[in-house]
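J.: One structure, pasted below without further comment.
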Amino acid sequence: MSSVLPERASVTEKSAGRGASAHAGRARPRRRALLTRGSVPYLLIMPAVLGFAIFKAYPIVSSLWISLTTGSGTDRSFAGLANYRRLLNDPLFWTALKNTALILVVQVPLMLCLALLVALALNSAKVWLRPLWRLGVFVPSLTGLVAAGVMFSVILNRDAGLLNWVLSLFGVDRVNWLGSPGWARVGVVLVITWHYTGYNAVMYLAGLQGIPKELYEAAMVDGAGPIRRFFSITLPQLRPILLLTVVLSTIGTLQLFDEPYVLTGGGPDNATLTVTMYLYNNGFKYFDFGYASAIAYALALIVSVLGILQVRLMGERR
Amino acid sequence: MKSRRGPLLTLLLAGAFALCVGPFYWLAIAATQEDKDVFSWPPKLLPGGHFLENLRGLEESIGLTRVLLNTLVVSGVQTLGAVVVSVLAGYAFAKFEFRGRNLFFVLLLSTLVIPDTVMLIPVFQMMMDLGLIDSYQSIILPGLVTPFGIFLMRQALRSMPDELLDAARVDGAGELRVLWRIVIPVNRPIIAALALFVFLGSWNQFVWPLIALRSPEMYTLPVATATLQGLSTTNYAQVLLAAGIAAVPVMALFLVLQRQFISGLLAGATKE
């Protein structure tokens, strides 16, 4: 990368020289050279910088400030750390955090293991109709969360839902998927898993196809069995993508909002209330912007800490 | 043993396929039923004759045409804008040396780990102050800068040989011309992939429009669908039809541009 600048500089000099020898106006090439090396990159990033300043940097700082104030709507007064103290003693916040954490530790590993299985199957040369299956498993991730939520709120209906009907064919009694606290969590996990497994599987498939065949051939010559090959070649080679999917899924799950909002509204008995949903309720139902911002910052802190931890744990040996 | 693994894996994948696609089949069926038949036991597994009736019902209850138009305008403009911003910035980060380049790039990427929910309240206040709540602008503007898009374009454009650009410059092309005549055509597939990703996210976005939109005639499809479902007199056949209508355009786009889509996913996932 560092060689780019001198190279380009020499080219512009050359073109300037050529322009002069052809008796062209001297001003034009020189002005162009100036544009190239000076202002052009700044002009190119200008829209991004403006948007970044207005819609990312300013809100991040502003949110921190708002989290230190109380009052409703725009009528605010400084309150120090009051919102954060309130947060620590708010049982509902802890419930929301616990729900979110529970979904995180159950759903993310489950989904990523499933995705890896699907990817391994898709990657096998012996499978027929591979493009069709790949397409099919990817399709759910194209669906909007609201559309998926609405669809599953009916599929998971206790009395006449499709899932209970399919289960009844196997002699399983009707499950109250969205109506009882425990099953509602399972229901939310099911829907998220349905939604994102295929997406992750296609990412893993990409990773699998990038592994050099020679590695497997060499391992087979050395007499390594399929299980040994999986743990000694496949998993280590997939590490960057595994890391990416773990981090992305963690960030996504910690911000979970749409699915429980549409499926259960956070109920029953707050069993599926998530942190973002609690933030939304405080900010846009009760208009307590200060408290909602404190929740946002607490969430940002948790996301960053987990993200950094994951990169440390999984990314170090690269 | 070895010869048996093919059929077994195929069967396994067919099962996964059925689990993934099955709900859509059921959705399509349910959207053609009368409301009371959506919740029949056993569930109806063949199409009913009420598709047009449900469509008319949706037009009455949420103003389907207007809502679809809103969604299309918001997603279209947002996609176009975000792609332009990303290509310009990605090109600068990939092919130019300038002061502050690395610092700004790192700043930009670091916002990826900050949850979007942090921005909700300040951006809401900003839009209130500007009098933009309940407008297209309030939905479109915040989505124009996508760190992911800029990152994706930078990765893609970096692998373009400098010789190609320099050759054009030597021939007397200005920077805009180089961008328009070389950079964009050469990278059309990845730009298409980016456009798809942005469109998908924009078409389906929910939380922010839910907050920023007030009047039902400004609603986008996901917001209208969700509010419709919240009513006590919900007509589920109609709600499901709305969900289906939301899903169809993105699936059609995906089918047409499948190759670009997957290559974009791979570019984002595998490049350093």
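J.: I'd like the residue in segment B:113-131 that is more than 8 Å from chain A (Cβ to nearest Cβ) and either of a type in the set (D, E, K, R) or free of Cβ contacts under 8 Å to residues at least 40 places away in the same chain (or both) and, out of all such residues, is surrounded by the most Cβ atoms within 10 Å (Cβ to Cβ).
T.: B:Leu130
J.: I've got another one for you. With A:Ile103, A:Ile155 as the choices, which residue is over 23 Å from the mean Cα position of the chain (by Cα) and of a type in the set (Val, Ile, Thr)?
T.: Going through A:Ile103, A:Ile155 in turn, just one is over 23 Å from the mean Cα position of the chain (by Cα) and of a type in the set (Val, Ile, Thr): A:Ile155.
J.: Test A:Phe287 against the stated conditions and say whether it is within 9 Å of another protein chain (Cβ to nearest Cβ) and aromatic (Phe, Trp, Tyr).
T.: For A:Phe287, the condition - within 9 Å of another protein chain (Cβ to nearest Cβ) and aromatic (Phe, Trp, Tyr) - is not met.
J.: Oh, and also: Could you grab me the full set of residues in segment B:205-217 that are in contact with a helix residue (DSSP H, G or I) (Cβ under 6 Å, 6 or more places away or on another chain) and open to solvent by 20 Å² or more (accessible area, probe 1.4 Å)?
T.: Within segment B:205-217, B:Leu210, B:Glu217 meet the criteria.
J.: I've got another one for you. What are the pairs, 6+ residues apart or on separate chains, where a residue within segment A:180-202 that is within 14 Å of chain B (Cβ to nearest Cβ) has its Cβ under 7 Å from a residue that is buried (at least 23 other Cβ atoms within 10 Å of the Cβ) and acidic (Asp, Glu)?
T.: Within 7 Å, the pairs are A:Val191/A:Glu259; A:Ile192/A:Glu259.
J.: Residue by residue through segment A:109-150, note down the ones that are within 7 Å of chain B (Cβ to nearest Cβ), open to solvent by 20 Å² or more (accessible area, probe 1.4 Å), assigned to a helix (DSSP H, G or I) and more than 16 Å from B:Gly15 (Cα to Cα).
T.: Correct list: A:Leu145 only.
J.: Let me ask something additional. Output the residues belonging to segment A:80-107 that are within 30 Å of A:Arg239 (Cα to Cα) and open to solvent by less than 10 Å² (accessible area, probe 1.4 Å).
T.: A:Asn99, A:Thr100, A:Ile103, A:Gln107
J.: Just wondering, is there one or more residues in segment A:168-186 that are among the charged types (D, E, K, R) and modelled with pLDDT under 90?
T.: Within segment A:168-186, one or more residues are among the charged types (D, E, K, R) and modelled with pLDDT under 90.
Results for (1) more than 8 Å from chain A (Cβ to nearest Cβ); (2) in a loop (DSSP other than H, G, I, E, B); (3) open to solvent by less than 40 Å² (accessible area, probe 1.4 Å), shown as yes or no for each residue.
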residue	(1), (2), (3)
B:Gly81	yes, no, yes
B:Arg99	yes, yes, no
B:Leu108	no, no, yes
B:Arg154	yes, no, no
B:Leu157	yes, no, yes
B:Glu163	yes, no, no
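J.: Within segment A:254-282, how many residues are farther than 18 Å from A:Leu104 by Cα, modelled with pLDDT under 90 and either under 21 Å from the mean Cα position of the chain (by Cα) or within 7 Å of chain B (Cβ to nearest Cβ) (or both)?
T.: Summing the residues that are farther than 18 Å from A:Leu104 by Cα, modelled with pLDDT under 90 and either under 21 Å from the mean Cα position of the chain (by Cα) or within 7 Å of chain B (Cβ to nearest Cβ) (or both) in segment A:254-282 gives 1.
J.: I need the full set of residues from segment B:19-49 which are in contact with a helix residue (DSSP H, G or I) (Cβ under 8 Å, 6 or more places away or on another chain), open to solvent by 40 Å² or more (accessible area, probe 1.4 Å) and closer than 26 Å to A:Leu117 by Cα, in order please.
T.: B:Leu19, B:Val21
J.: Separate question: Here is a check on your reading of the model: is B:Phe206 of a type in the set (Phe, Trp, Tyr) and in contact (Cβ under 8 Å) with a residue 24 or more places away in the chain?
T.: No: the conditions fail for B:Phe206.
J.: Which ones in segment A:260-305 are open to solvent by 50 Å² or more (accessible area, probe 1.4 Å), farther than 19 Å from A:Leu68 by Cα and part of a helix (DSSP H, G or I)?
T.: A:Tyr261, A:Lys285, A:Val305
J.: Search segment B:210-237 for residues that are over 19 Å from B:Leu72 (Cβ atoms) and pair each with any residue that is open to solvent by 30 Å² or more (accessible area, probe 1.4 Å) and acidic (Asp, Glu) when their beta-carbon atoms are under 9 Å apart and the residues are at least 6 apart or on different chains.
T.: Partner pairs satisfying both residue conditions: B:Arg214/B:Asp134; B:Thr234/B:Asp35; B:Asn235/B:Asp35; B:Tyr236/B:Asp35; B:Ala237/B:Glu34; B:Ala237/B:Asp35; B:Ala237/B:Asp37; B:Ala237/B:Glu53.
J.: Which residues, counting only those in segment B:165-197, are open to solvent by less than 20 Å² (accessible area, probe 1.4 Å), over 15 Å from B:Tyr91 (Cα atoms) and more than 11 Å from chain A (Cβ to nearest Cβ)?
T.: Scanning segment B:165-197 gives a single hit, B:Ala193.
J.: Just a yes or no: is a residue in segment A:209-219 more than 30 Å from A:Leu299 (Cα to Cα), within 13 Å of chain B (Cβ to nearest Cβ), outside any helix (DSSP H, G or I) and open to solvent by 50 Å² or more (accessible area, probe 1.4 Å)?
T.: yes
J.: Can you tell which of A:Ala292, A:Ala300 is free of Cβ contacts under 8 Å to residues at least 40 places away in the same chain and in contact with a Gly (Cβ under 6 Å, 6 or more places away or on another chain)?
T.: Only one candidate passes the filter, namely A:Ala292.
The values are calculated or read from the model by the stated rules, or taken from the named source; none is laboratory data. Computed from a prediction, not measured in an experiment: that's the story for all the values here. FYI the Cβ positions are ideal-geometry reconstructions off the backbone, even for glycines, and counts take in every protein chain you see. To get the accessible areas, we keep the full protein, side chains included, count just its heavy atoms, and leave off ligands, DNA and RNA. Shrake-Rupley method; radii C 1.70, N 1.55, O 1.52, S 1.80 Å.
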